[in-house]
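What follows is calculated from the coordinates using simple rules that are stated; it is not laboratory data. No experiment lies behind these values; they were computed from the predicted model shown. Positions of Cβ are backbone-derived with ideal geometry, glycine not excepted, and every protein chain shown enters the neighbour counts.
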């Protein structure tokens, strides 16, 4: 909200979003992506077959190897920043000032990948030890850093947008400090080890081998983002920023539901598989998917029908105009179409990772990448930047469906009874939700209420509250109860 109001939509904000995309992509690929998928099952295996002292040795050797690799990656990234910016957003080259600014910010932000990879290591350990609170909270520190730098630092800089680049690095350092402190509290100390010893450790090497196919799996999704960012950089100025703001709204339910459930499920699925509890393994997946349908579908309907209201309340003001609201809302609607798929992937993919099967998600992801870019050929000429969001959403739905079919074919997941009745009752509740939001959208002009921000925020809160109440009352009337969503063991 502050970034929208203080910096608005311009070539400078496009430059920042491109620059931030680069370390963020690497974070998703190396840290939260391939590394987590390879490290967490391996740590669960080490803890299951060896004592805690050996687990601590393994953690420190992994930390050392990761640190050494990422120092090299960071140095290369700083040197090759102009090339990386061109690969991500060649359209910025039409504006030399924006291209130079993106290059400068990329160089400042590249150490973020080092911080966040170590954060991912610490989070993987904490989650395996069933300490979920600190890893869930620490991303808040990046936002605190953004807020502080936008308010205090930006007015003092010749190029105010640089404050956001500094905020990224500060936020990464703060997250790492909190995670390390949390590790100390559970008796795990990151003391490091000899690099030579670390790289020779067979368990570390096994994580490295598991990371290779996982890296391909995660890279496929990130390649799609790179292509989409590059396409957006060739569209109207501001397209990258409109998509970035829409992406933030899409990421909220994705993180709240998909990442949270996936984070909790992966250690549980890994343990169930290691102990050969196949029935519980299937029940865990079924539980996760039912929660996804119950919560992700109303989130998607809400984002789609209330897009303009949400965007105007959160972002419109000072530098963020009514035109920016409209363009961002279109992208939000595009993402909302595929929100169920984006979240379901976070539940279905761990079903393969816990089984140490990373190749299947890779194959599926490659096909989805090709399908997404084919969709871009048709959708971008029709809907411009919103077509990019729509293609991502449709691709995510295809990805989730393919993962679901794959789990069934491999006999890893057996849907529990009652899914047909569950979907029918859910559809009725969703129609109640959609009807309330559609009526509000037709009767209210959200952007015209810019001069009455509190009244507008109150109206939006009331509309969402009534819609949510209607949804959950409908669920209760249709027979839904919380007991239906408890995990069945055994």
Problem set entry | Simple label model, 7 Å out from Cα along Cβ direction - residue 180 to residue 444, nm | 4.7 nm
For this session: Could you order peptides 135-145, 469-479, 355-365, 111-121 by the average number of other Cβ atoms within 10 Å of their residues, highest first?
Result: 111-121, 355-365, 135-145, 469-479
Seminar exercise, completed: Ordering 170-177, 65-72 by per-residue average of other C-beta atoms within 10 angstrom, highest first, gives 170-177, 65-72
Problem set entry | the range 1-211, relative contact order in percent, only Cα pairs under 8 angstrom and at least six apart counted | 33 percent
For this session: Pull out a ≥ b ≥ c, the square roots of the eigenvalues of the alpha-carbon gyration tensor of the range 383-459, then state rounded if a/c is under 1.5, prolate if not and a/b is larger than b/c, and oblate in the remaining case.
Result: oblate
Exercise. How would you rank 335, 129, 281, going from fewest to most other Cβ atoms within 10 Å of each one's own Cβ?
Worked result: 129, 281, 335
Exercise. Residue 73 to residue 416: FRET efficiency via 1/(1 + (r/R0)^6), r the Cβ-Cβ distance, R0 51 Å, to the nearest 0.05?
Worked result: 0.70
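Peptides 154-165, 440-451, 309-320: what's the order by average Cβ count within 10 Å, highest mean first?
Ranked from most to least packed, the peptides come out as 309-320, 154-165, 440-451.
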Exercise. What is the gain in length, in nm to one decimal, between residue 191 and residue 159 on full extension, counting 0.36 nm per residue of separation less the C-alpha to C-alpha distance?
Worked result: 7.6 nm
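Quick check on the chain: helices-only [θ] at 222 nm, where DSSP H runs of length 4 and up contribute -39,500 (n - 2.57) each and the sum goes over total residues. Nearest 500, please.
-26000 deg cm²/dmol
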Problem set entry | Two-site label geometry, residue 319 and residue 477: point separation in nm, points 7 Å out along Cα→Cβ | 4.7 nm
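For a test of the definition: using alpha carbon positions, the gyration tensor, and the 1.5 limit on a/c, classify the chain as rounded, prolate or oblate.
The shape class here is oblate.
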Problem set entry | Cα gyration tensor category, rounded, prolate or oblate, for the range 1-211 with a/c compared to 1.5 | prolate
Problem set entry | Where labels lie 7 Å past Cα in the beta-carbon direction, separation of residue 366 and residue 466 in nm | 5.2 nm
